[in-house]
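Structure first, commentary second.
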Amino acid sequence: MKKLLKLLLLFLFAFVVYQSYLFIKGNPGLTDQFEYEINVETLPTELHPIVAEKVEILKEKTAEKKITILITDDYRSYEEQDKLYDKGRRTPGKVVTHSEGGESYHNFGLAVDFALQLENGNVIWDIEYDGNGNGQSDWFEVAEIAKELGFQWGGDWRGFKDYPHLQMDFGLTIDDLQEGKRPKITQLISEDTEKRSVFVVFFNLRNYVPIFNNKF
Ligand SMILES: [Zn+2]
């Protein structure tokens, strides 16, 4: 009987190890945070698929907290960025950005801007608004969830704070991106991986293996 128990434990252990292996394999960003490819020829023309998928997850997770977000801006071409940069400088209006074409993560499909949407459809940029009435600012709740998903938040920046701004740099600087480096698109985080992630959390490995911290 004892032998059977030992065998069972051994099997369980092997199972956990195997699941963890699958989890890491399914999340290439976890094992190699700075994996990129060099592609000088082309510029992206849309949101990076991993960023797009994370935005969808963000919408779902915020909805669970009764917060509706609206993505007001995602990919921006160099020309669109230049036009925006001119605002408040060469054209009328307030200055809205400090980045010219090619200087923003938006230009490489790696950033989005969000706002809050009320039930009546109105869109607001009030960072103190507590629509779900849980005593916390909805805006900061969104930022917190976004950061858990691997986004960097403009509200954390020193100096100029860009509260609506969320980006994923994949370890690449603007200089890197201008030189033609691009985050590698290997495998998207599938629902399957999410389930495995829950499995791993269940075994509390997160506390012991820093690699499981979902950052990339
Ligand atoms: Zn932005």
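Read the figures in this text as sums done on the coordinates, not as results from a lab. Please read all numbers here as calculations on a predicted model, not as lab measurements. Neighbour counts are summed over all protein chains in view; Cβ atoms, including those assigned to glycine, are modelled from backbone coordinates with ideal geometry.
Quick notes on this one:
- Under a 5 Å amide H cut-off, with hydrogens placed 1.01 Å from N, GLY131 pairs with ASP138 among residues at least 5 apart or on other chains.
- Applying a DSSP loop filter and a limit of 16 other Cβ atoms within 10 Å to the GluC sites (Glu not before Pro) in the stretch 57-100 leaves GLU100.
- One decimal place: the segment TYR21-SER137 gains 37.9 nm when fully extended, by the rule 0.36 nm per residue minus the C-alpha distance.
- Neighbour cut-off at most 10 other Cβ (10 Å), DSSP loop, GluC sites (Glu not before Pro), the stretch 120-176: GLU128
- Per-residue Karplus couplings for the stretch 159-166, computed as 6.51 cos²θ - 1.76 cosθ + 1.60 with θ equal to phi - 60°, are listed in order as x, 5, 9, 10, 4, x, 8, 10 Hz, Gly and Pro entered as x.
- Size descriptors for the stretch 93-177, from the alpha-carbon set: Rg then Dmax equal 14.2, 43 Å.
- Shown here for the stretch 99-167: trypsin sites (Lys or Arg not before Pro) in loop regions (DSSP other than H, G, I, E, B) with at most 13 other Cβ atoms within 10 Å, namely ARG158, LYS161.
- Note on the stretch 39-185: along the principal axes its Cα atoms extend 48, 39, 28 Å, ordered by decreasing extent.
- Stretch gain in nm, segment ASN120-ALA63, where the contour uses 0.36 nm per residue and the Cα spacing is subtracted: 19.0 nm
- Number of Lys pairs (Cα under 26 Å; 8 or more positions apart or on different chains) in the stretch 39-185: 24
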